[in-house]
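The values are calculated or read from the model by the stated rules, or taken from the named source; none is laboratory data. These numbers were taken from a predicted model, which means no experiment stands behind them. In this analysis, Cβ positions are derived from the backbone assuming ideal geometry, glycine residues included, and neighbour counts consider all displayed protein chains. Calculation scope for accessible area: heavy atoms of the full protein, side chains included, ligands and nucleic acids excluded. Shrake-Rupley method; radii C 1.70, N 1.55, O 1.52, S 1.80 Å.
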Amino acid sequence: MSKIKFSEDITWHDLLVRIALVIISVVLIVWAMPRDSQITLKAEMGKPWRHADFTAPFDFPIYKPDAVIKAERDSIMREYEPYYGFDSEMEGKMVSKFTQDFAEGIPGLTPDFISIIANRLHQFYNQGIMNAQQYSELIKDTTRMIRIVNGKQASSERITTIYSPKLAYEELFQDPVLSPHRVLLQRCNLNDYITPNLIYEKERSEAILRDLQESIPLASGVAQRGQKIVDRGQIVDEKTYRIIESYIKESERRKTDKSPFNKKLLGEALLVLLLIGSFTTYLSLFRKDYFERWRSITMVYSMIVLFSVAALQMVNHSVLHIYLLPFAMVPIFVRVFMDSRTAFMTHATTIFIVASALQHPLDFIIIESVAGLVAIFSLRELSSRSQLFKTAILVTLASTATNLALDLKFGSDLTIIDYSEYNYLMVNGALLFCSYPLLYLIEKLFGFTSNITLIELSDMNKDLLRRMSEVAPGTFQHSTQVGNLAAEIANKIGAKAQLVRTGALYHDIGKTQNPIYFTENQSGVNPHENLSYIDSAQVIISHVTDGLKLADKYNLPDVIKDFIATHHGQGKAKYFYVKYKNEHPDEDIDELLFTYPGPNPFTREQAILMMADAVEAASRSLPDYTEQSIRDLVNRILDSQVADGHFRDCPITFRDIQYAKTVLIEKLKTIYHTRISYPELKKEE
C-alpha cells in the first residue's frame, strides 16, 4: 500500500513521525523543568552588581526595611490603648462579702476598723484593679495608657494609677491607720476580697490594634515594569538594595498564590514546543534525508533531550553548577557523525531550552555559544582521536576567555571577579576529554562510523588489508589506486573523501577468496580457460557476496559493507555476458546468471566508487595512454553507467558526474604520463 502524500515531499507517515518526535521531546523536557525554582538574585550593599542588567519584570512595591517598619510599629504601640471594661458590680460583691464575714468585728481590733478597710477597698475598686499578669506586662512602660469603658463612658488612664491585686493588698497595709495592726490583719486573708474589676476586651482591643498596624504602609513606593533598577558592575546603594530585596520578596509571595490554571506550565510547554518545532522545521527544510535514517534522527533528539533534562534537574535540585555540564559535547558528536550546520542548530536549541530555566541566561548563552562554535570549527577535518583532546583544550580556553570578557565588560576591578566560575569551566573542560571514549560508545549505540574509525580501518596492517596485499597484490594495488581517484573526486564535489577512500580499500576484499580468477592477480595462468562463461561469470560475481561474508566475519561497519555491495550495482559481468551472447545468438539468455546482486549506489560516495573502480580497471587495458584515449575511455564508461541507470537511486548530479570525468582524466594522464627515454653513454673505440 502506498503512503498517503501530505505534500509533494512529505507523506502522512513522515509527518506523524516528526510530530511524535516533537511531542515526546517536549513532554520529557517540560517534565524536567524546575517547578519551584529559587530566586538566585543576591545583592550586597556597597559592592558591584555581579548579575546582568536588572530591569523590573512587573510592577511591585518597594518595601520598607524591617528596622523602619519595626520602629513605626513600636511608635504605634506606644500610642495604642488596650480596652478594659469596668465591672461596677465587683466592688459591691467584695465589700458586702467582707462586712458579712466580719460582722462580729476583727478579733483584737475595734469595730471601726471594718469601715476603714471597706473604705480602702472602695478606693481600690474605684481606681481599678487589673489582672496581675496583664498588669506586669503594661507596667514595664510607666507612660502606658489604657482605655477604661464604664457603660457608655470611656476614659484613658495611665497604668500607674491602676492596681493589681498584689499591689492593692500591699498598699492596704501601708495605710497609716492599718499598718500598726499588720500582723492581726494578715490573719484575716484580706486578699480574698481584692479581685480584678477591669476586664480585658480582647476582640475590641485586637481590632483597634489591627487597624493601627494596617495603617502603617509597608512600602515606600512602586517599581514599575520596565524600570531599570541596576546595571551590571554598578555599586549597589541602599535604595537599590531595598528595591532588589523587594523584588525577591514579591516574587516569593507570587509563587505562593494558587491559581486553577497553571500559566507557568503552559508558558514552559509553549516555549519548548517553539524551540523543538523550529529545530524540526530546520531538519525538514535543509536535512530531510536525516528523517530517512533513524540513527541520525534518534541521536540529535536524544542529545537535546538528554542534556536539557540533565541541566534542568541540576537547576531544579540545586545540584552542582550549570557550567559543570559539558554542553560542547553536543556539537562535537553531531559534527563528527553528521554536519556542522546541524551541530550548531542542535547546540543552539539545547542551550536556549536550558537558558529559559536560569535566572541569568545571557551569560550562559554567550559562553556556551562560543564554546559550541569553537568545538565545531576545531573539528572541521577530523583525522585522529587526538583532535578531540585539542578540541577540549580550545573549548576550555574559549569559555574562560569569554567569561573573563564579560567580567571585564561589567566589572570595574579584577578583585571583585568571582573566580569560582572559572574553576567550574576548567572542570567542564576536563569532562570534555570524556568525548574520546563516548565517541566509540555512540558509534556502537547508533551504528555510526566516524572519520577516526575510517582512518583506523585504512591502516594497511589491518588483517583484511594485509591478507589482500599478500594473496591478491594486484587487487590491493587496484583498490589503493581506486581509493586515490575516488577521494580526489569526493574532494572536488564536496562528498566525504575519507569515507570513499576507506570503502575503496575494502570494496574488492572478496577477491581474496579466489584471487587467481581475477586478471590483476594472474601471472600467465588463466583458470577461466577451463570454465564455461556462466561459471566464470558466477565466480567473478561471487567476489561481492564473498566480500560481504568477510565483512560480517571481521565486523566491518555497515557503511563499508554498502560499498562492497554497490560497487558493481546491478550491472553485468560484461566480458562473459558478451562472449556468451555472441556464441549463442539465438538462445534466450537468463541475464540474472551474469548480473551482480546489487543494489545500485544510493549515496554519492558509492556512485563515486563505482565510477573510479570501472575507470581504473578499464584503463589498464588501453593500448596507449594518450590524452584522447584516456578522455574517450572515461566518457564512454561513465556515460554507459548513466545510461544503464546505475545512478538513478543516489543524489548525484550531472554536474558532479562532469566534475568526476574531469578529475579522472587529469589523474589518469598524470599516472600514465609518457616517460622520457634516457640516453645511453657511447663507448669509446
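Among the strands (runs of 3 or more DSSP E) confined to the stretch 186-241, the ones with at least 1 residues that are open to solvent by less than 60 Å² (accessible area, probe 1.4 Å) and under 30 Å from Gln127 (Cβ atoms) are located at 198-200.
A quick yes/no check of all residues on (1) modelled with pLDDT under 85; (2) touching a helix residue (DSSP H, G or I) at 6+ places or on another chain (Cβ under 8 Å); (3) within 21 Å of Glu89 (Cα to Cα):
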site	(1), (2), (3)
Ala132	no, yes, yes
Leu138	no, yes, no
Met145	no, yes, no
Val149	no, no, yes
Leu184	yes, no, no
Asn191	no, yes, yes
Leu198	no, no, yes
Ala207	no, no, no
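Annotation note: of Glu170, Glu268, the sole residue that is surrounded by fewer than 16 Cβ atoms within 10 Å (Cβ to Cβ) and of a type outside the set (Val, Ile, Thr) is Glu170. Just to be sure before I move on: is Phe448 at pLDDT 85 or above, under 25 Å from Ala551 (Cα atoms) and not aliphatic (A, V, I, L, M) in the structure I sent? In short, no.
For the stretch 266-275, which residues satisfy the criterion of being more than 16 Å from Phe344 (Cβ to Cβ) and in contact with a helix residue (DSSP H, G or I) (Cβ under 7 Å, 6 or more places away or on another chain)?
Glu268, Ala269, Val272, Leu273
Among residues of the stretch 528-547 being assigned to a helix (DSSP H, G or I) and open to solvent by 40 Å² or more (accessible area, probe 1.4 Å), the one that is farthest from Met610 (Cα to Cα) is Asn530.
Quick one: in the stretch 411-431, of everything that is open to solvent by 20 Å² or more (accessible area, probe 1.4 Å) and at pLDDT 90 or above, which residue is nearest to Met329 (Cα to Cα)? Here the answer is Leu431. Among the residues of the stretch 452-482, those identified as free of Cβ contacts under 8 Å to residues at least 40 places away in the same chain and either part of a helix (DSSP H, G or I) or crowded, with 16+ Cβ neighbours inside 10 Å (or both) are Glu456, Lys462, Arg466, Ser469, Glu470, Phe476, Ser479, Thr480. Can you say whether Gln628 is part of a helix (DSSP H, G or I), touching a residue at least 60 places away in the same chain (Cβ under 8 Å) and of a type in the set (S, T, N, Q), as far as the supplied structure shows? Here the answer is no, as Gln628 does not meet what is asked.
Against the conditions (1) under 44 Å from the mean Cα position of the chain (by Cα); (2) farther than 21 Å from Glu488 by Cα, Ile608 satisfies every one except (2).
Apart from one condition, Ser155 fits all of (1) touching a strand residue (DSSP E or B) at 6+ places or on another chain (Cβ under 8 Å); (2) polar (S, T, N, Q); (3) part of a helix (DSSP H, G or I); the exception is (3). Residues of the stretch 633-655 that are part of a helix (DSSP H, G or I), open to solvent by 80 Å² or more (accessible area, probe 1.4 Å) and charged (D, E, K, R): Arg636, Arg655.
When you check Leu550 against the structure, is it open to solvent by less than 50 Å² (accessible area, probe 1.4 Å), of a type outside the set (Asp, Glu), under 46 Å from the mean Cα position of the chain (by Cα) and more than 15 Å from Leu609 (Cβ to Cβ), yes or no? Judged against the criteria, Leu550 is a match. On the basis of being touching a Ser or Thr at 6+ places or on another chain (Cβ under 9 Å), at pLDDT 90 or above and either surrounded by 12 or more Cβ atoms within 10 Å (Cβ to Cβ) or part of a loop (DSSP other than H, G, I, E, B) (or both), does Ile76 make the cut? For Ile76, the condition - touching a Ser or Thr at 6+ places or on another chain (Cβ under 9 Å), at pLDDT 90 or above and either surrounded by 12 or more Cβ atoms within 10 Å (Cβ to Cβ) or part of a loop (DSSP other than H, G, I, E, B) (or both) - is not met. The lone criterion from (1) open to solvent by 30 Å² or more (accessible area, probe 1.4 Å); (2) at pLDDT below 80; (3) under 30 Å from Gln359 (Cα atoms) left unmet by Ser251 is number (1). When we screen Leu404, Leu408, Leu362, Leu388 for residues that are in a helix (DSSP H, G or I), buried (at least 21 other Cβ atoms within 10 Å of the Cβ) and at pLDDT below 90, the only hit is Leu388.
Restricting to the stretch 432-449, what's the tally of residues that are under 24 Å from Leu397 (Cβ atoms) and open to solvent by less than 20 Å² (accessible area, probe 1.4 Å)?
So the first thing to find is which residues in the stretch 432-449 are under 24 Å from Leu397 (Cβ atoms), and the list is 432-439.
Imposing the further condition that a residue be open to solvent by less than 20 Å² (accessible area, probe 1.4 Å) reduces the set to 432, 435, 439.
Qualifying residue count for the region: 3.
Close Cβ contacts (under 6 Å, 6 or more residues apart or on different chains) running from residues in the stretch 547-563 that are within 21 Å of Glu605 (Cα to Cα) and of a type in the set (A, V, I, L, M, F, W, C) to residues that are assigned to a loop (DSSP other than H, G, I, E, B) and open to solvent by less than 40 Å² (accessible area, probe 1.4 Å) comprise Val559/Thr449; Phe563/His507. Of everything in the stretch 561-589 that is under 19 Å from Glu529 (Cβ atoms) and not in a helix (DSSP H, G or I), the residue that is least open to solvent (accessible area, probe 1.4 Å) is Ala573. Specify the residue that is most open to solvent (accessible area, probe 1.4 Å); the eligible residues are those in the stretch 590-621 that are in a loop (DSSP other than H, G, I, E, B) and farther than 15 Å from Cys650 by Cβ. Here the residue is Arg620.
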